[in-house]
1. Kindly check whether there is at least one residue in segment 290-302 that is part of a helix (DSSP H, G or I) and within 30 Å of Ile587 (Cβ to Cβ).
2. With the requirement that a residue be of a type in the set (Ser, Thr, Tyr) and either modelled with pLDDT of 85 or more or under 19 Å from Pro554 (Cβ atoms) (or both), what does segment 485-524 give you?
3. Please specify each residue of segment 70-91 satisfying the condition of being among the hydrophobic types (A, V, I, L, M, F, W, C) and under 15 Å from Val44 (Cα atoms).
4. Among the residues of segment 426-450, how many are closer than 27 Å to Leu482 by Cα and touching a residue at least 40 places away in the same chain (Cβ under 8 Å)?
5. Buried (at least 16 other Cβ atoms within 10 Å of the Cβ), at pLDDT 80 or above and of a type in the set (A, V, I, L, M): does that describe Ala527?
6. Do any residues in segment 50-67 that are over 21 Å from Met607 (Cβ atoms) have Cβ atoms under 7 Å from those of residues that are of a type in the set (Val, Ile, Thr), where the two are at least six apart or on different chains, and which pairs are they?
7. In this structure, is Met1 surrounded by fewer than 14 Cβ atoms within 10 Å (Cβ to Cβ) and at pLDDT below 80?
8. Within the group Asp483, Asp468, which residue is surrounded by 21 or more Cβ atoms within 10 Å (Cβ to Cβ), over 18 Å from Gly562 (Cβ atoms) and in the same structural domain as Ile557 (by TED's automatic domain parsing)?
Amino acid sequence: MTKKQKKVLYRIIIAAVLMVALLLLPLEEGSIIRFVLFLVPYFVIGYDILQKAFKGIKNKQVFDENFLMAVATVGAMALGEYTEGVAVMLFYQIGELFQSYAIGKSRRNISALMDIRPDYANLKQNGELVQVDPDEVEIGSEIVVQPGEKIPIDGVVIDGSASLDTAALTGESVPRSAKVGDDVISGCINMSGVLTIRTTKEFGESTASKILDLVENASSKKSKPENFISRFARVYTPVVCYSALALAVLPPVIRLIIGMDPLWTQWIYRALTFLVISCPCALVISIPLTFFAGIGGASHAGVLVKGSNYLDLLSRAKYVVMDKTGTLTEGVFQVTKIVTSDISEAELLEKTAMAEVFSNHPISKSLKEAYGKPIDSSKVVDVQEVAGAGIKANVDGLEVAAGNEKLMSSLGLSINSVNEPGTVIHVAIAGQYKGYILISDKLKSTSKEAIQALKKAGVKKTVMLTGDSKQVADIVAADLGLDQVYSELLPADKVTKVEELLELKQSKEQLIFVGDGINDAPVLSRADIGVAMGALGSDAAIEAADIVLMDDDPKKIAKAIGIARKCMRIVYENIYFAIGIKVGCLILGAFGIANMWAAIFADVGVMVIAVLNAIRALRVK
């Protein structure tokens with residue numbers, strides 16, 4: 001509990017004790033002494049509310065909850081209802097204290113979950129370690145991370161090995177290993193071993209800084225319910241104030257005109273009760289708190305949401321469109337099969353890897369990695385890339401051609417089609433066909449479960465868009481149980497397909513596109529909601545997407561939808577509950593059935609219940 005909260009608590013206790021003591025004293029009803037004595041607990045508990053109300057009037061921002069409480073309690077005191085005047089202020093402060101504590105607890109929980117901001121960096125300078133502010137470390141510097149310390153800045157490991165705790169970033173408890181040559185990101189905790197890292201980014205551009213910025217600024221993008229509550233409060237408060245004034249004046253005037261006793265005191269009391277009941281605290285506080293808690297709960301699960309408006313949209317997701325590589329597959333190409341005719345597998349792989357020595361294409365890299373030996377590039381000459389077909393080169397005096405069926409046809413070679421999932425590299429040496437190498441991108445272990453989870457969550461259609469061949473795409477789609485697949489697409493074609501799907505859906509339904517956030521940036525922007533997969537350390541993903549999944553698990557898509565739906569369910573529970581109770585009590589108060597004590601429940605009680613309900617959004621199963 002903060003100092004400010006403790007101070008309010010002490011005031012509540014003092015005011016409550018004084019009020020009980022005064023109720024036990026034999027004081028004459030309506031006496032000046034009784035009025036003066038009751039002013040003491042009233043000012044002890046309510047002086048700050050009165051100050052805020054006065055400042056609001058002074059700044060021409062009259063209609064807020066402080067004004068309502070001030071008018072209602074001052075009016076009650078003026079009518080001689082001293083106990084109720086103090087009680088209204090006392091219970092209002094109890095509700096405010098509870099709300100302050102609840103919001104503080106939510107913020108502390110989120111801060112603990114996102115405690116990834118490093119306090120310092122161990123910078124290598126002239127052979128010594130100097131502890132500096134991470135902001136002072138330049139790109140290319142060498143830093144040392146000891147066991148138990150956070151990695152302060154993104155970089156590459158140049159010495160040492162260790163296990164890294166990434167739970168604050170991904171929500172996963174399983175540690176990741178880091179060794180020489182591996183990229184590591186800020187915010188991870190070194191669990192074992194000493195790492196020497198060469199920084200590749202400045203602190204302000206590192207992963208931890210960007211994540212913290214996203215979480216801290218998420219509240220700036222408001223959802224429709226939040227915007228509705230803000231507009232509602234601006235209109236609602238003046239309306240109830242004027243309604244209370246009308247309730248206090250019109251009935252007595254009408255009674256006076258028709259010759260009856262006006263009963264001014266009775267109708268003013270009803271108007272004051274009406275004001276207390278009408279205070280919109282429960283809505284104004286609980287709705288933003290629910291979204292705040294929902295975003296915090298999502299971040300704990302490794303799902304970064306850039307604004308509460310995206311939680312609102314995500315809760316209505318009915319179409320999920322996904323990229324293949326890096327989203328449903330590992331995105332790592334590996335040689336999985338070698339088929340030869342009259343030479344050994346090792347020789348076929350060696351000649352192919354040598355032909356690809358100067359290429360940086362992922363397929364070429366996977367061939368060189370599979371070969372695993374240093375390549376003497378001086379033995380490779382006359383390299384010629386054939387667009388959309390493959391590569392030709394003179395390798396150690398032999399003409400080597402590696403590529404697809406189109407390349408083999410151009411050489412006058414007739415080959416049989418290979419019906420296997422993956423990329424097939426056909427190889428010809430000295431004009432003769434020698435076999436093929438199959439390179440596959442392995443499906444993620446959770447991809448099939450992810451599609452099942454989406455369908456269970458009520459998603460109407462799951463679609464895959466890929467640049468791969470139709471044959472490979474159809475095999476993957478059938479294996480995963482996808483509803484639809486489009487293959488052999490360029491980035492512009494993916495945008496076109498997404499636009500076609502956007503036209504098919506109903507207005508309230510939302511379409512999610514899930515991609516790696518780098519090649520798919522145009523589609524991420526075009527979809528209703530862009531979700532970046534595999535975004536650990538990917539700047540493009542964090543920038544392009546509306547929601548970022550901080551690990552590679554596609555099952556988090558369904559989890560994100562579940563979190564959003566739970567959050568929105570709580571939001572509407574609070575809206576219906578608060579408005580329903582208040583409308584009912586307002587009607588009862590206007591007819592004199594509900595007194596000031598019922599008003600206290602309608603205000604403070606409803607607010608406490610709504611806040612408790614809002615905090616549930618923090619918990620993610």
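1. Yes, because at least one residue in segment 290-302 is part of a helix (DSSP H, G or I) and within 30 Å of Ile587 (Cβ to Cβ).
2. Once the filter is applied, which keeps residues that are of a type in the set (Ser, Thr, Tyr) and either modelled with pLDDT of 85 or more or under 19 Å from Pro554 (Cβ atoms) (or both), segment 485-524 yields Tyr486, Ser487, Thr496.
3. Ala70, Val74, Met77, Val86, Ala87, Val88, Met89, Leu90, Phe91
4. Qualifying residue count, segment 426-450: 11.
5. Yes; evaluated as a whole, the condition is true for this residue.
6. Taking only residues 6 or more apart or on different chains, not a single pair turns up.
7. Yes: the conditions hold for Met1.
8. One residue alone meets the criteria, Asp468.
The values are calculated or read from the model by the stated rules, or taken from the named source; none is laboratory data. As the structure is a computational prediction, the values presented were derived from the model and not from experiment. For neighbour counting, all protein chains shown are included, and Cβ atoms are generated from backbone atoms with ideal geometry for every residue, glycine included.
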